[in-house]
Amino acid sequence: MEDAQEKKKIKVFVGKNNRATVICHSCGHTKQFDVTKFRNLNKTLRCRCKCGKSFLCTLEFRQYFRKKTKLNGHFTFLGDPSQHKIIVNDVSQKGINFSMLTGCDIKIGDMLEVILTLDDANKTVIRKQVEVKSANDRLVGCCFTDTQSYDKKLGFYLR
Ligand SMILES: [Zn+2]
């Protein structure tokens, strides 16, 4: 049973400033450490607690962290030029949630192109193809169809 616990990987969420908090499942000791050097690597680390237990941790970087926003944008259905205005409620490296300003028939699985302007100094424009994952009245949740590549512009914004 001890072995099973040893092999179980612990997910560690990396917060702001690239600091991760690991909690030892054996004694409850909490340790914070800087993981800047592991950034953008899906890295599994072996940690050893002061109680002598060691365990595996996988780092979850905040590219999956959702940033609350209030950004203007619009979307189009692929192949249809009409633009529908939206307010983007949150953004992550994986997708966005937005509210439609006007009612529009949107279904789960619809493919859209979303264009939004970030509220950074450069007013960076982000253009993404997304798939609708949830549609609840005017609230729509989407994930980016290209999740393989790390978006540097968004990465910078989400820092
Ligand atoms: Zn411990």
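The values are calculated or read from the model by the stated rules, or taken from the named source; none is laboratory data. This structure is a prediction, so every number in the text was calculated from the model and none was measured. Methodologically, a virtual Cβ is constructed for each residue, glycine included, from the backbone with ideal geometry; neighbour enumeration extends over all protein chains shown.
Residues that are at negative phi, in contact (Cβ under 8 Å) with a residue 12 or more places away in the chain, buried (at least 16 other Cβ atoms within 10 Å of the Cβ) and not aliphatic (A, V, I, L, M) do occur in region 106-113, at least one of them. Residues of region 35-61 that are exposed (fewer than 13 other Cβ atoms within 10 Å of the Cβ) and at pLDDT 85 or above: R46, R48, K50, C51, G52, S54.
How many of the residues in region 45-60 are touching a helix residue (DSSP H, G or I) at 6+ places or on another chain (Cβ under 9 Å) and within 15 Å of Q32 (Cβ to Cβ)?
Filtering region 45-60 down to residues touching a helix residue (DSSP H, G or I) at 6+ places or on another chain (Cβ under 9 Å) leaves 45, 53-56, 59.
Now narrow it down to the ones that are within 15 Å of Q32 (Cβ to Cβ): 45, 59.
Total satisfying the criteria: 2.
Results for (1) surrounded by 18 or more Cβ atoms within 10 Å (Cβ to Cβ); (2) out of contact with any helix residue (DSSP H, G or I) (no Cβ under 7 Å at 6 or more places or on another chain); (3) among the aliphatic types (A, V, I, L, M), shown as yes or no for each residue.
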{"position": "I87", "(1), (2), (3)": "no, yes, yes"}
{"position": "G103", "(1), (2), (3)": "no, yes, no"}
{"position": "D119", "(1), (2), (3)": "no, yes, no"}
{"position": "T124", "(1), (2), (3)": "no, no, no"}
